[in-house]
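Asker: I'd like to ask you about the structure that follows.
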Amino acid sequence: MTRALGWPDPLRQPVQLEDSMLQSAEKAGADHPDTLKLRAQSAFSRAQRGAAHDAVETLEAVVDRQVNRLGPEDKDALATMNLLAHCRGQAGDLSGAVVDFDNLALECARIFGPDHPDTFFVRHNLAVWRGLAGNPRGAVLDLTELSRDQKRVLGENHPDTLGTRAALAHWVGETGDRRRAITAYEEVLSAYARTFGIRHPVAMTVRNNLANLLGQNGGVADAVATLRAVLRDRRQVLGADHPDTLATRNNLAHCAGLAGHVSQAVRELEQLVIDYTRVLGEAHPDTRGAVANLKYWRLRENGK
């Protein structure tokens with residue numbers, strides 16, 4: 001969600017960001033552009049660990065300072081607006097996130113041009129949050145148009161184009177058309193295999209999501225086999241504690257339960273909840289999701 005507007009990886013430990021921020025503030029002042037950027041980074045990082053409401057308040061203050069100091073067209077201010085829209089959605093204001101991204105997409109198109117990669121990036125975010133706000137068909141329409149524009153400007157094998165195609169496959173599935181979504185995932189995975197390899201981080205997400213759809217469509221055995229391969233690759237490429245690795249463990253445990261291995265699913269989810277809590281905290285939505293999954297399979301294990 002942050003790369004295209006020049007932000008580093010938001011999954012670094014918050015304490016590292018806080019230390020950098022304080023050092024910058026001591027040297028350059030609270031309103032220095034670097035200090036404001038670091039405050040935004042820190043807020044976004046905290047939001048990914050469950051503190052989205054606090055992040056919204058911080059990011060609103062940072063945007064105000066950046067706009068007053070640097071102007072509304074400054075790229076750092078626009079980047080913070082992107083983070084603010086994302087965190088607003090994470091805090092539960094889904095319609096607010098859609099409005100924010102819609103306005104930001106218009107601003108980026110005006111400032112950078114309609115075919116600029118940053119404009120495409122914000123349009124992608126707008127489509128995703130439109131789907132999350134309960135309009136998957138709207139997300140499909142947005143992503144179909146975006147994919148067409150990215151193919152024209154960036155090329156069909158550009159990473160951003162492929163990422164949009166992967167998102168499009170997801171939201172096609174959310175409309176209920178699983179067969180079309182499976183076909184779309186298979187096509188974009190073939191494109192990744194030709195260009196970046198199937199261990200590319202987005203390609204592994206495609207494989208993960210494809211496995212989930214196969215499981216929902218009755219192909220549980222194929223789903224389990226695919227998820228095991230994805231889990232192995234994610235551990236090697238991203239690390240055992242990366243949120244994507246943990247998500248694949250969650251999906252694999254669920255598919256194991258669907259395949260009839262209920263006790264195995266419970267054991268794996270018990271450990272997963274411990275790891276999620278250690279890595280992301282007990283308040284994080286992914287942790288709560290794993291807890292809910294564990295409760296579900298414990299009920300099935302007890303015959304309820």
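The values are calculated or read from the model by the stated rules, or taken from the named source; none is laboratory data. These numbers come from a predicted model, not from an experiment. Cβ sites come from the backbone with ideal geometry, for glycine too, and all protein chains shown count toward neighbours. The protein model used for the area step is the full one, side chains on, heavy atoms only, and it has no ligands, DNA or RNA in it. Shrake-Rupley method; radii C 1.70, N 1.55, O 1.52, S 1.80 Å.
Asker: Please find, within segment 111-131, the residue that is farthest from residue 285 (Cα to Cα) out of those that are at pLDDT 95 or above and of a type in the set (D, E, K, R).
Answerer: Once the filter is applied, the top-ranked residue is 115.
Asker: Where in segment 138-249 are the helices (runs of 4 or more DSSP H), entirely inside, with at least 1 residues that are touching a residue at least 40 places away in the same chain (Cβ under 8 Å) and either among the acidic types (Asp, Glu) or buried (at least 17 other Cβ atoms within 10 Å of the Cβ) (or both)?
Answerer: It comes to 159-174, 201-216.
Asker: Would you please name the residue that is farthest from the chain's Cα centre (by Cα), looking only at residues in segment 263-275 that are over 19 Å from residue 226 (Cα atoms) and open to solvent by 30 Å² or more (accessible area, probe 1.4 Å)?
Answerer: Among those that are over 19 Å from residue 226 (Cα atoms) and open to solvent by 30 Å² or more (accessible area, probe 1.4 Å), it is 263.
Asker: Same structure, new question: Can you tell which of 69, 88 is open to solvent by 40 Å² or more (accessible area, probe 1.4 Å), farther than 25 Å from residue 285 by Cα and either assigned to a helix (DSSP H, G or I) or among the polar types (S, T, N, Q) (or both)?
Answerer: Checking each option against the conditions leaves just 69.
Asker: The conditions are (1) open to solvent by 20 Å² or more (accessible area, probe 1.4 Å); (2) in contact (Cβ under 8 Å) with a residue 12 or more places away in the chain; (3) not small (Gly, Ala, Ser), and residue 135 fails exactly one of them. Which is it?
Answerer: Against the list (1) open to solvent by 20 Å² or more (accessible area, probe 1.4 Å); (2) in contact (Cβ under 8 Å) with a residue 12 or more places away in the chain; (3) not small (Gly, Ala, Ser), residue 135 comes up short only on (2).
Asker: Next up: Name the one entry in 101, 44 that is modelled with pLDDT of 95 or more and either under 21 Å from the mean Cα position of the chain (by Cα) or within 21 Å of residue 148 (Cα to Cα) (or both).
Answerer: Sole residue among the options that is modelled with pLDDT of 95 or more and either under 21 Å from the mean Cα position of the chain (by Cα) or within 21 Å of residue 148 (Cα to Cα) (or both): 101.
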